[in-house]
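Asker: Structure below; questions to follow.
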Amino acid sequence: MRQFICAGLAAGLISTFAISPAGAQALPDLPAALRPAGLAAYLEVPATGVQIYVCGKNDAGAWTWAFKAPEAQLFDKDKTQIGKHYAGPTWEALAGGGKVVGAVKATAPAPEAGSIPWLLLDIKSSEGAGAFNQAKAILRVSTHGGVAPDQGCDEAHYGQEARVPYTATYFFLK
């Protein structure tokens, strides 16, 4: 395996997300607040879906789009769907149904303008058994899109949902 990685590096074929010889996933360059102390990534999961917002008034009485929930499909490296991501926030495997629920521990602005923040989430509950259930934490990185609309929320649109497309990569850490 080391020869393959070295040959791949020499040929320029290995990306930042290559599997290391020990089987751990290499993480992208992270802001200090998102660096998971003492944990390593064991699973990289690309996601495609929507961030759902609802039109209403905030505490100050201004009309705004409030975050409701994510709704996304989760994929393996071969682009086969392996799970789903939804309110909680929850990550649920299709095979076996094991699921985990996270709680935001830290956040950092996405490097790409107009994209939802990068997150570090702790696992607050785990149910069943499966690849996701080994996680002690989850990183959301490489986000594209998903931010709330900046207009269109007013009295005439009260309660209306906006479904904003996004992509992200989730790293499951243990």
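Asker: Tilt of helix 2-11 relative to the longest C-alpha principal axis of the chain, in degrees (0 to 90, nearest 10)?
Answerer: 70 degrees
Asker: Reachable aspartates and glutamates from Lys124, Cα under 15 Å, same-chain residues fewer than 8 places away excluded?
Answerer: Excluding near neighbours in sequence, the set is Glu92.
Asker: Averaging the inverse of every distinct alpha carbon separation and then flipping it gives the Kirkwood radius. What is it for the chain, in angstrom units?
Answerer: For the chain, the Kirkwood estimate is 17.4 Å.
Asker: Could the peptides 128-141, 51-64, 72-85 be put in order, highest first, of the mean number of other beta-carbon atoms found within 10 Å of their residues?
Answerer: By packing density, highest mean first, the sequence is 128-141, 72-85, 51-64.
Asker: Under a crude label model (7 Å from the Cα following the beta-carbon direction), how far is Asn58 from Lys77 in nanometres?
Answerer: 4.2 nm
Asker: Before I look further, what does the chain give for accessible area per residue, probe 1.4 Å, in whole square angstrom?
Answerer: Result: 55 Å² of accessible area for each residue.
Asker: Which lysines, if any, have their Cα less than 19 Å from the Cα of Lys57, not counting same-chain residues under 8 positions apart?
Answerer: Lys68
Asker: Quantify, in whole percent, the carbon and sulfur part of the accessible surface of the chain (1.4 Å probe; protein heavy atoms only).
Answerer: Answer for the chain: carbon and sulfur cover 56 percent of the accessible area.
The values are calculated or read from the model by the stated rules, or taken from the named source; none is laboratory data. These figures come from a predicted structure and were not determined experimentally. All Cβ positions, even for glycine, are placed from backbone atoms using ideal geometry, and neighbour counts span all protein chains on display. Side chains included, ligands, DNA and RNA excluded: accessible areas come from the protein's heavy atoms. Shrake-Rupley method; radii C 1.70, N 1.55, O 1.52, S 1.80 Å.
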